[in-house]
Structures are given as C-alpha cells and as structure tokens.
Amino acid sequence: MTQTSLKLSTHSSPGRATAVDIINVTVRFTTDRGTVTALDNIDLQVPAGAFLTLLGPSGCGKSTLLRVVADLIEPASGSVTVLGSSPSVARGRRDIGFVFQDAALLPWRTAIQNVELPLEIGGQKPTKQRWSSKELLQLVGLAGWEHAFPHELSGGMRQRVAIARALITDPKLLLMDEPFGALDEITRDRLNEELLQIWASTGTTILFVTHSIYEAAFLGENVLLLAANPGRVKEIVPIPLPGNRKVSLRETKGFVDLVAQLRRVLETC
Amino acid sequence: MTTIMDQALPHRGFSADDGERERYQARIRALQWRKRLLPAVACFGILAIWEIAVRGFEIPPFLAPAPSAVAQVLYADFGLLMSNLLTTATEAILGFIIGNLAALIIATVFVYHRTTEEAFFPIAVMVHTVPVLAYAPILVLLLGNGLEAKIAISALICFFPTLVNMTRGLRNVSAQQLELMRILSASPREVFVKLRIKSSLPYLFSALKIAASTAVIGAIVGEWIGASNGLGALIIQATYNYNSPLLYATIVVGSAFSGLFFAIVSWAERRTLTWNVDEARS
C-alpha cells in the first residue's frame, strides 16, 4: 500500500515544519472475538499550523489515530513524532492539548478552576502563559461565567470550558475528538465558527475528528478520509475554500459540491 | 431549585423584573416552611393522642408511659442520662472514626491492587452477613468488658458500608477524565488527590450518614452484652426494673444523639458538596 501520493495542501508557504509525523503505524486490539486491526499501516505528515479534519465511518479508527498521537494508545508497530520528539515527551512539554467528546470537566471545580487545572498538574509549571484563564474564557465566549459550576452550564458552554482548558498551556498541537458531537446544531454551528477564529488567532495545529461531513468540510483545510476494517487512509481531499469561513458558506455551490464529493468517497469506505 | 436563581451572575435572557422575582422567592420560602412545619405538627399530634389514650384508658405506666411521664424523667434524671450518654457517645464516635478510617485505607488499597480486592472482598462480605448480635459476644470475650469491645463492635458495623461505597467511589472516574490526567502528565498521587478522592466524596458522605446511626446502634448493642455504664446498660436495667418511663427516656436520648450525629454529617456534606446538586436535591 503506497500512500506517498497523498499530500496535504495548505494555504501558507510550503516550507513549514512538520507538526505530526506518522510512519507505518499499526494498532491492534485483542477482544474476546479475536484481534481487530484498528489502524493498518498509516502514513501521514501534518505540517505545523494545519487544520486537518478526520472523517470516516464508525470503527475506522479516527479516534484511535488521535489517541496514538496523544500517547494514550501505544501502536503495535510504526512510529509517531510530534514536533520533533516522541508523543510522550511532547505531552510532558505541554505541547499537546486534547478536547474530548464529553467535556470531561471536574464537577467540583468552577469554570475558571477547570481551565486552570493543567497549571496545577504534571510537575513543571509553565514559565509564561500566553493567555490568562480569564482571557481564555472570554475567547470562548464565557465572560461572566468564571465562577459557575459545570452543572450550571449547558452542554455547549461546558465544551467551551474544555476548549479553554486545552488552550491554557498554549499547545502547539490541538487534538479534538468529536468535541461537538453531542451538541445541538445551532450551538455546533456557532462553535464551528468560533473554533476557526481561535485557530486563526493561536496558529496552533489542529487535528479534528468528526462524523459530520459538513463539519469536516467547513473546518478543515484538508479532510482525511479513513476506511474501516482495517482502519486505513482512503483519501485526502483538499478544501479550497477561503480562510475566514462563515456558516453561510455552507449554502454556496462550491461547498455543496465538496460535500457531495466527500459523501461519494465515504460510500466506498 | 434555587441554585441558579440565587447567584448574581449576569445571565443573558433573565429579565430584571424584581417584583416577579420577589414573588417567586416568597413562594419558594413558603414551600420550605411548609416542609419543616408539617412533620412537626404531625409529631405533636401523635404525642397528644398518645397522652390522651394513656390517661383515658388508664394504661399502667410500666406498660406504656405517657409522654408527660417520660418528659418528667428526662428532666429529673437528666444528670444520670447524660453521664450514660457520654459513655455511649465516646464509644460510638471512636468506633465511627476507627471503622471509617480503616474502610478508607482498605478501599484505597483495593482500588490500586486488584489482587488484594479479589482475595479479601468476599471475606468482608461474609463477615458483614454475620449479624451484630452474633459477633458482639465474641468481641466482648476477646476485648473484655470495657470500652474497647464496644468501640470494636461500633467500628465493625461502620466499616462495611463505607468500604463498599468508597471502593465504588474511588473508581467513579470516567475514562476521559483519566485520559485527561494522562495528557497532563499527572503523577499517580495527583490522580488520587485531584481526581479520585474528590469523585468519591458523594459516595463517602452517603456511607458516613449510614455509619452515623449504625455506630450508635453498635455501641448500645455492645453495652447490652455486658456493661455497667452507657445507654445500653441503662436500657437493660430499666427493663428489668419495669421502669418504663426511664426506658423511654433513654431511648429518646439515644435517638436524639443519633439524630444529632446524622445532622452533623449532613451539614458537613452540604458544606463540602456544594457542586453536587443532584445528590443534595434527592
């Protein structure tokens, strides 16, 4: 299987450094029903500052791939390099931020205390912070809610707190695992626009897993399509849309055509 | 019901109609008073019927003393009752502390060491199925007639519910919370202090509330087996002497102490678990 032909297209200069370098990664899970190959020989290079969305049917290993990059799952073979070092070293350096599908907030901490959690944990204290926790809550649209507990917040607001928490260490790589999957469509649209603004103002590299074709096309510079059984890279579809995207973009012909194209590829996955 | 409304957060979408808000809060307050007053009125009613029945049917005092007779003993023998309560309370409180501490430590070991749990948890269940009245004499034989045996019985009776609840509580963390801690390179100690302990607090408090009343039962049962002092000893003496007013007064003092113990734990729970709204409401 050769995947050298698959390349990410990006808007900025071609000479940027590689943020994530995945070489021949295979992941297997053993269950009662036998061994499942979740990821089969994945090869992928993500340049720094890219926004890549990962799309595919359930069981294609998109969340697994994200977890391998975050050092949450050990691959059976192959290697992963995150910003020039192993994922565990990158994680220790606080270069990786992770946003889960469920906000995973600590219910006994207020919004601002949840955002500050990464600063209290893991030994080394950050020397300088790019944003204060208060500024980050403002950035995600939660000014005035600093002292609210998670149970007082809606699902969308909790997810915003989780994003602010991931950004507090100013990570160079942000991994998002279906972060808006459980939200209603209106909230999801708004957060999609906000995420693009956050990406523009932070310049961080984002890998974003989703099962929504619209979300994948709207957010990504490229969409990585994965096929299931075994999980493998099917195709990389570049999204040649302007950088400053608004939800109304979804009504344009160009966007509708892209979605149709992605849907056709997905049907073969 | 009032958690969000009470906070002075600048909520978008809430109108500033103070009159409406005041009426709403007055209604809530009225409902809360109703909830407190109704049981008090019912309790007073039952006591009144009891008093009238005892007088009307001329029931002998040793069979069922009138509430007024019990109140009289409570007043006249207050010193005697309190000195016996002191003994029982000491036993119950020490048993409560020792039993729960032991349960906390063993639950922690269980959570971090599966083999130990698999080996010893079935034994703990077996011990728990033995009734207090069966093992109490054994402990009195082993530890003698003093405070130690009663403290041990009280501790043992507190131990099991807390062990079960804490083992579950310390495991009550989501996979994503654990993944988050790993992303943050948290040490095992940080995972324990910042995540597991806090997650287990609702479980701990529901166990402590059970233990608050069972600790007193344990101490009293221990005193029945053999003691010269304590509410349990007083109950036995009063029963043998057909001194029913004293028996009832002892029971009133015992339940008052249990209730107070429970109230203190509940108060501590409300202070600690301000974030756990579901638990506080139920």
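Which value, in Å to one decimal place, does the Kirkwood hydrodynamic radius take for the protein assembly as shown when every pair of different Cα atoms is included? Before the final figure, lay out each step's value.
Numbers: mean 1/r = 0.0352 Å⁻¹.
The Cα-based Kirkwood calculation yields 28.4 Å.
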Practice problem: Check the straight Cα-Cα distances from B:LYS150 and name the aspartates and glutamates below 15 Å, setting aside those fewer than 8 residues away within the same chain. | Solution: B:GLU91, B:GLU223
Practice problem: Work out the length of the dipole vector of the range B:15-56 about its Cα centre, built from +1 on the beta-carbon of each Lys and Arg and -1 on the beta-carbon of each Asp and Glu, and round it to the nearest 20 debye. | Solution: 180 debye
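What order do you get for A:CYS269, B:CYS43, B:CYS158, A:CYS60 when you list them from fewest to most C-beta neighbours inside 10 Å?
Numbers: A:CYS269 16, B:CYS43 10, B:CYS158 29, A:CYS60 26.
Ordered by Cβ neighbours within 10 Å, fewest first: B:CYS43, A:CYS269, A:CYS60, B:CYS158.
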Quiz item: Just how far, in whole angstrom, is the range B:38-82 from the range A:145-207 if you go by their alpha carbon centroids?
Solution: 64 Å
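For B:TYR248, B:TYR242, what ranking results if the residue with the fewest other Cβ atoms within 10 Å of its Cβ goes first?
Least to most surrounded, the residues fall as B:TYR242, B:TYR248.
Would you mind getting me the FRET efficiency between A:GLU267 and A:VAL89? Use the beta-carbon distance for r and R0 = 25 Å, nearest 0.05. Each step should come with its number before you reach the end.
Working: r = 40 Å, r/R0 = 1.61.
The pair A:GLU267/A:VAL89 has a calculated efficiency of 0.05.
Kindly provide the helix-only [θ] at 222 nm of chain B, computed as the sum of -39,500 (n - 2.57) over DSSP H runs of four or more divided by all residues, to the nearest 500 deg cm²/dmol?
-27000 deg cm²/dmol
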Exercise. Can you tell me the FRET efficiency between B:TYR242 and B:ARG21 if r is taken as the Cβ-Cβ distance and R0 is 41 Å, rounded to the nearest 0.05?
Key: 0.10
Practice problem: Report the calculated FRET efficiency for A:ASP184 and B:PHE78 (r = Cβ-Cβ distance, R0 = 51 Å), to the nearest 0.05. | Solution: 0.20
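Among DSSP beta bridges lying fully in chain A, give the percent that are antiparallel, nearest 5. Don't jump to the answer; show the numbers that get you there.
Details: 22 of 40 bridges.
Among the beta bridges of chain A, antiparallel pairing accounts for roughly 55 percent.
Helix-only estimate, please: 222 nm mean residue ellipticity of chain A, summing -39500 (n - 2.57) across DSSP H runs of length 4 or more and dividing by its residues, to the nearest 500. Display every interim value, and only then the final one.
On the way: 8 runs with 84 residues, N = 269.
Here the helix-only value at 222 nm equals -9500 deg cm²/dmol.
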Quiz item: For chain A: lysine pairs with Cα atoms under 24 Å, gap of 8 or more or different chains, count?
Solution: 9
Quiz item: Label-point separation (nm) for B:VAL125 and B:TRP267, each offset 7 Å from Cα along Cα-to-Cβ?
Solution: 3.9 nm
Quiz item: Which one of A:ALA162, A:VAL69, A:PRO57 has its Cα pushed farthest toward the positive end of the charge dipole of chain A, where Lys and Arg give +1 and Asp and Glu give -1 at the Cβ?
Solution: A:VAL69
Practice problem: Nearest 5 is fine: what % of DSSP beta bridges in the protein assembly as shown come out antiparallel, could you say? | Solution: 55 percent
Quiz item: Name the trypsin sites (Lys or Arg not before Pro) in the range A:217-269 that are in a loop by DSSP and that have at most 12 other C-beta atoms within 10 Å, would you?
Solution: A:LYS246
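Each value in this text was obtained by applying a stated rule to the coordinates, not by laboratory testing. In this text, all values refer to a predicted model and were calculated from it rather than measured experimentally. Glycine also receives a Cβ, built like all others from the backbone with ideal geometry; neighbour counts cover every protein chain displayed.
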